[in-house]
Amino acid sequence: MSVFELRRIQKSDGSWDEFLGDWRAQCEGVGEDFCDYASEPLSVLETVIDSSDPTTWVVGVWNGEHFFGACLVNSALLPKTTGKTLRVRQVVVSPLLDYGEVDDTVYADTLIALVFGVVKLSESDLAAQHVKFHLRSPHDMMFFRAIGNALDKPGVFEAVEMKGAWLYITKR
């Protein structure tokens, strides 16, 4: 069984090239042209990959063999909140997941690793009182609603709620 973890992705340490190489190979394996695959979210990630802003990162879900997902995380002070909020946007899943080439549990493991990895990140390098996930599809909404219901137990978080296409988590 593979362990899924959240990894920061940067050009400076070679992890961006490792990420791109993995997804290029995944695209070849499913018969997809890498240049056409998820071009919009990947171009957004590439524009911030070397941001000098220490509060904006690109992270990927890694299992020791493949990157199964990636997204942009940004810690900021937002209106109508106290303290910082760690926002998760531009969530994109790998070609192997997108084309159903791996077991469905890998999709669930990827999203679980993303949620718990970001919460852990909000407790360390990108400290924040709140976490907001922007969901990429209605299927994600159902999954995150179930995760949110599981997290919304007494004593775990102060609040967990869905608002439109966003999952909001407020920590104690």
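A short reminder: the numbers here are calculations on the coordinates, not readings from a lab. Source: prediction; values computed, not measured. Cβ atoms come from the backbone with ideal geometry, glycine included; neighbour counts cover every protein chain shown.
Some points to look at:
- Inter-part distance where the stretch 70-126 and the stretch 15-58 are each reduced to a Cα centre, Å: 15
- Once both labels are positioned 7 Å from their Cα atoms along Cα-to-Cβ, the gap between T55 and D13 label points is 2.2 nm.
- In loop segments of the stretch 1-104 as defined by DSSP, the GluC sites (Glu not before Pro) with at most 14 further C-beta atoms inside 10 Å of their C-beta are E65, E101.
- Spatially near lysine pairs across the chain, Cα under 30 Å, sequence gap of 8 or more or different chains: 23
- Rounded to the nearest 20 debye, dipole of the stretch 5-170 from Cβ charges on Lys, Arg, Asp, Glu: 1040
- Taking only the Cα atoms of the chain, the ratio Rg/Rh comes out at 0.96, with Rh defined as the Kirkwood radius.
- Candidates P79, P41, P54: whichever shows maximal mean-square fluctuation once the chain is modelled as a Gaussian network with Cα springs under 10 Å: P79
- In this structure the amide hydrogen of Y99, modeled in the peptide plane, comes within under 5 Å of no amide hydrogen from residues 5 or more places off or on another chain.
- Applying the criteria of a DSSP loop state and at most 11 other Cβ atoms within 10 Å to the chymotrypsin sites (Phe, Trp or Tyr not before Pro) of the stretch 14-102 yields no site.
- The stretch 48-140: trypsin sites (Lys or Arg not before Pro) in DSSP coil with no more than 10 other Cβ atoms inside 10 Å: K80
- For the chain, the relative contact order works out to 19 percent when only alpha carbon pairs closer than 8 Å and six or more residues apart are counted.
- A dipole drawn for the chain from +1 and -1 charges on Cβ atoms has a positive end, and of F144, F34, V160 the residue lying farthest that way is V160.
- Ascending count of other beta-carbon atoms within 10 Å, so fewest first, for I49, I9, I169, I112: I112, I49, I9, I169
- Residues V106, V59, V156, arranged from fewest to most other Cβ atoms within 10 angstrom of their Cβ, appear as V156, V106, V59.
- Segment T82-E158, length gained on full extension (0.36 nm per residue, minus Cα span): 26.0 nm
- Here the Gaussian network model covers the chain, with springs between Cα atoms less than 10 Å apart; of G83, G60, G117, G83 fluctuates the most.
- Under the Debye formula (equal points on every Cα, no solvent term), log10 I(q)/I(0) of the stretch 95-142 at q = 0.29, 0.30 Å⁻¹: -1.10, -1.13
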